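For reference, the structure is listed below as structure tokens.
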Amino acid sequence: MDKKNTAFLKRPGVQTILASVLCAVLGIIMGYIILLFMNPEHATEGMVAILKNFFKFSGKPQQLMYYLGSTLVKSVPVILCAEAILFAYKAGLFNIGAAGQYTIGILVSLYTSLALGWNWFFCVLAAVLAGALWGALCGFFKAFCNVNEVIAGIMLNWIGLYLCNIILSNETCMNTTKSETYDIAAKNPSGVLPGFLQGVFGNNQYMSIAVPITILVAIIILVVLNMTTFGYELKATGHNKEAAKYAGMNAKRNIILTLAISGAISGLAASLYYLTSIEHFKIASSVPGMGFSGIAVAFLGGLHPIGTIVAGLFVEYITLGGQYLNTNYFNPQVADLMIAIIIYLCGFVLFFKSILNKPRKKSLDANKNNKVASGVTAKKEV
Amino acid sequence: MPMANKDLGRCFRMDDYVIEMLHITKEFPGIIANDDITLQLKRGEIHALLGENGAGKSTLMSVLFGLYTPEKGIIKKDGKEVHIKNPNDATELGIGMVHQHFMLVDIFSVLDNIILGAEPSKFGFLTKADAIKKVLDLSNKYNLKVDPDALIEDITVGMQQRVEILKMLYRDNNILIFDEPTAVLTPQEIDELMKIMKNLAAEGKSILFITHKLNEIMEVADRCTILRRGKYIGTVDVATSSKEELSSMMVGRDVKFAVDKAPAKPGKEVLKVENVCVKSKIHQNDSVHNVSFNVREGEIVCIAGIDGNGQTEFIGALTGLDDISSGKVSFCGEDITHKSIRYKNTHGMSHVPEDRHKHGLVLDYSLEENMILQRYFEPEFSNHGFIKKKTMREYSDRLTKAFDVRSGEGATTIVRSMSGGNQQKAIIAREMDREHKLLVAVQPTRGLDVGAIEYIHEEIVKQRDAGCAILLVSLELDEVMNLSDRILVMYEGEIVGEVDPKTTTLQELGLYMSGAKRDNRKEA
């Protein structure tokens with residue numbers, strides 16, 4: 001039977017936004033409840049501090065813009081990782097290896113900058129290529145050995161992490177007593193990304209071209225996915241692999257290419273972040289979480305390249321909000337907890353969306369009941 | 001006519017209705033699926049429910065089964081009004097349904113499947129002995145031959161269906177709904193099912209029989225209710241009606257059953273298949289073994305056979321979806337055995353796939369995007385890697401108009417929301433419009449109603465007359481007999497015979513299809 005639900009189908013975008021906002025609001029409410037448990041007296045004050053964030057400087061435009069700039073720069077890696085995951089996801093691939101590709105990006109950008117003293121442009125380029133290679137490796141296993149990209153991705157994450165630990169832990173890159181990489185600004189000034197509108201952002205020295213590049217990447221992804229034959233192929237493969245094969249699309253090539261591009265974006269994320277010199281790499285015992293947060297951000301952003309930017313800014317805004325908490329009453333990690341809850345709820349974005357999107361949901365449930373009732377298990381769902 | 005062996009001994013008291021669905025109206029956003037429909041089922045009758053795809057048959061049955069609540073109308077059981085809110089209520093009222101796709105657990109035995117959900121137990125332990133006895137009694141009483149210990153995956157489709165029927169009987173259901181039960185059966189199995197249904201009716205069970213096959217209605221049904229586009233058209237006594245009357249009531253106009261076609265004028269050889277073998281994915285043997293034949297310009301060659309005899313695997317290998325393990329395929333004199341799907345697509349092979357959802361369409365793409373599925377990269381539709389959206393739209397609009405593909409929102413309709421018939425038409429439109437010398441059509445009319453079937457058959461004949469070579473694979477014997485110029489019968493992966501549709505009979509075809517007869521063909 002043909003049930004037309006045009007009224008609903010016409011506004012899937014609205015629903016996606018609604019679902020994402022719902023997640024965010026629920027996350028904040030649950031965060032507030034946790035604050036209430038920790039310190040009921042100052043919970044409201046704490047919540048306001050997190051939400052108000054750098055706007056508490058609203059009286060001083062200079063400082064306000066400075067902190068806004070910092071938030072923008074710090075959002076860059078998580079947004080780009082989310083874009084990488086989104087891109088692969090559209091082609092039906094779950095690139096959990098983005099974390100590893102990001103790690104390889106850190107390794108290459110820092111090594112080329114600190115050990116080899118390259119100019120920032122070549123550092124970024126090298127990191128992008130290395131990320132692409134790491135992604136392509138994952139794609140190669142998937143295409144030719146039929147290894148699930150999640151398994152290969154997780155394996156490559158750890159290999160990437162230990163490579164990074166081993167290579168960066170020499171004296172040319174790392175202050176071994178602090179086990180932290182040197183400041184690029186001090187060691188190799190040509191390796192620092194050029195600034196971008198630093199004057200507007202209260203002379204924030206970290207405000208770099210990373211921000212416009214991120215926006216550019218999101219727009220390019222949007223265009224590639226929706227307007228090009230390559231995007232058409234990728235999405236067709238993502239929606240229905242068999243139909244893509246029937247149409248003569250080269251599945252193996254597309255898998256490798258998609259993961260390579262996804263890896264390149266992850267590598268770019270790492271290089272843009274670390275080459276602002278805002279962050280140093282420390283010997284780590286676990287894979288950087290950026291690639292994993294990216295998964296949540298991509299979903300919170302409704303799997304839309306521009307929505308992902310908004311979601312990334314929001315997540316980073318709340319994370320940084322933790323710094324404004326009064327440490328006498330609260331541990332600043334409460335903000336991380338809230339983000340964790342929001343991220344957890346992100347898993348429900350598609351769930352909320354499917355509720356809103358499917359007026360037939362009820363009948364499907366009923367259908368299931370029917371099968372149980374007549375004592376059968378569905379051999380084939382229609 | 002099959003009328004002769006009809007059980008005319010049965011008669012019904014007037015107004016002895018077991019189930020009455022009165023003035024049922026069910027709306028969905030934007031569409032009235034059932035508009036004031038009345039269906040009255042007498043005790044012990046076989047009542048056919050006839051209608052095109054999307055006429056509202058399934059919705060009506062879903063209302064009866066408690067899956068939907070109607071906006072208007074009431075349901076009466078034995079003259080008393082009942083409220084069926086969910087399938088459990090329906091089961092309690094003794095309503096059972098055999099679904100088109102069987103709901104069986106493959107790795108369970110027949111007995112386990114029958115008792116599943118209604119297992120007899122004592123202190124939490126199964127007491128199968130009673131169940132076996134009941135099942136065997138039922139199976140003897142209604143002549144439903146099954147082996148209770150066999151696994152579902154090992155038995156034939158016909159037997160699986162008998163298991164489904166036993167499942168309903170085991171639950172003491174008196175009102176049995178058969179949803180297109182013959183779609184998957186061989187002619188012999190269909191005959192048997194017809195006997196079983198008559199038996200059941202004779203024992204006092206009431207049967208609702210959903211179908212679009214008119215022959216079957218003429219053979220077994222007592223009365224027939226016809227729906228068209230959600231509206232009630234009428235209920236007729238089958239004995240005093242005719243196929244022509246039923247079909248014109250269903251479609252709203254007269255329908256031709258025989259395909260009008262001139263004798264074929266075969267030209268040059270287009271496709272030549274030599275000793276093709278395909279390895280099975282499940283067992284050691286070949287699923288396709290030493291298949292050789294040819295197809296020429298301007299003829300329709302049909303591969304007939306019971307489902308699962310290697311047709312799917314052969315077509316997969318021919319079109320490139322699967323690998324050929326040995327043998328040779330030539331296309332217009334060129335060896336294309338190991339060419340890619342893209343190569344075959346762009347060098348004149350069109351393919352209407354067997355499974356439109358798995359292969360034929362990207363369901364979450366819009367209609368226009370599906371229309372260019374194999375052509376998006378051609379200069380006509382792309383420019384420096386960008387898709388020409390305007391051309392795509394115009395192309396899609398032209399095809400949908402030419403092939404009368406109906407959709408809610410035109411070119412931008414998401415294909416998933418279209419009806420099966422229109423999805424199929426969209427594929428046919430796409431494949432026929434592409435430049436091609438060979439059309440491979442696998443079950444092109446599967447699940448379609450007579451109106452749409454007539455249309456697709458006409459199009460295929462038109463293609464043939466325009467000089468296209470056509471390789472048809474069909475499980476429908478009517479289609480095979482009507483449409484083809486030559487018939488090849490496939491049995492267990494081999495071509496066991498070639499017959500001329502003008503001189504053969506359904507019985508002869510049936511013998512070939514069941515492996516009882518085979519020619520010693522010379523290898524081509």
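Cross-link pairs exceeding 20 Å in C-alpha to C-alpha distance, out of A:K90/B:K401; B:K57/B:K198; B:K77/B:K145; A:K252/B:K339, comprise A:K90/B:K401; B:K57/B:K198; B:K77/B:K145.
Our coupling estimate for the stretch A:67-78, obtained by passing each phi through the Karplus curve with A = 6.51, B = -1.76, C = 1.60 and θ = phi - 60°, is 6, 4, x, 4, 4, 4, 5, 6, 7, 3, x, 5 Hz, Gly and Pro reported as x. For the stretch B:359-434, averaging the sequence separation of C-alpha pairs within contact (under 8 Å, six or more residues apart) and dividing by the residue count gives a relative contact order of 39 percent. Normalised by the number of residues in chain B, the average gap of Cα pairs under 8 Å and 6 or more apart makes the relative contact order 14 percent. Calculated translational diffusion coefficient of chain B (25 °C, 0.890 mPa s; Stokes-Einstein with Kirkwood radius over alpha-carbon pairs) equals 98 µm²/s. Here's the list of aspartates and glutamates a cross-link from B:K26 could span, going by alpha-carbon distance under 14 Å and ignoring same-chain residues fewer than 8 apart: A:D2, B:D35, B:D36, B:E71. Relative to one another, the C-alpha centroids of the stretch B:69-136 and the stretch A:288-304 are positioned 46 Å apart. Using a cut-off of 15 Å between alpha-carbon atoms, which aspartates and glutamates can reach B:K268, once sequence neighbours fewer than 8 places away in the same chain are excluded? Cα-Cα hits under 15 Å: B:E297, B:E299, B:E334, B:D465. Close amide H pairs (under 5 Å, H built 1.01 Å from N) link B:M97 with B:I177, residues at least 5 positions away or on another chain.
Between the stretch B:333-365 and the stretch A:206-275, the C-alpha centres lie 26 angstrom from each other.
For the stretch B:204-215, the Karplus equation 6.51 cos²θ - 1.76 cosθ + 1.60, evaluated at θ = phi - 60°, returns couplings of x, 7, 9, 10, 9, 10, 8, 6, 10, 9, 5, 4 Hz by residue, with Gly and Pro reported as x. Across the stretch B:285-295, rounded Karplus estimates of 3J(HN,Hα) from the backbone phi angles (6.51 cos²θ - 1.76 cosθ + 1.60, θ = phi - 60°) give 6, 6, 8, 10, 10, 6, 8, 9, 5, 9, 10 Hz, Gly and Pro being marked x.
Rounded to two decimals, the Cα-based Rg/Rh of the protein assembly as shown, with Kirkwood Rh, is 1.04. Within straight-line reach of A:K52, meaning a Cα separation under 20 Å, sit the following aspartates and glutamates at least 8 residues removed in sequence or on another chain: A:E41, A:E316, A:D336. Distance cut-off 32 Å, Cα to Cα: go down the list B:K231/B:K437; B:K265/B:K344; A:K235/B:K261; B:K76/B:K213 and report the pairs above it. Over 32 Å apart, Cα to Cα: B:K231/B:K437; A:K235/B:K261.
Tell me which residues come under 5 Å, amide H to amide H, from B:R228 once H is placed; ignore anything under 5 positions away on its chain. Correct list: B:I233.
Entry note, chain B: the mean residue ellipticity at 222 nm calculated from DSSP H runs of n ≥ 4, each adding -39500 (n - 2.57), is -9000 deg cm²/dmol after division by the residues and rounding to the nearest 500.
Less than 5 angstrom separates the built amide H of B:I336 from those of B:V329, B:S330, B:F331, all sequence-distant by 5 or more or on a different chain. Only DSSP H runs of four or more residues enter the estimate; each adds -39500 (n - 2.57), and after division by the residues of chain A the mean residue ellipticity at 222 nm equals -22000 deg cm²/dmol.
None of the figures in this text is laboratory data; all of them are computed from the coordinates on show. All values reported here derive from a predicted model rather than from experimental measurement.
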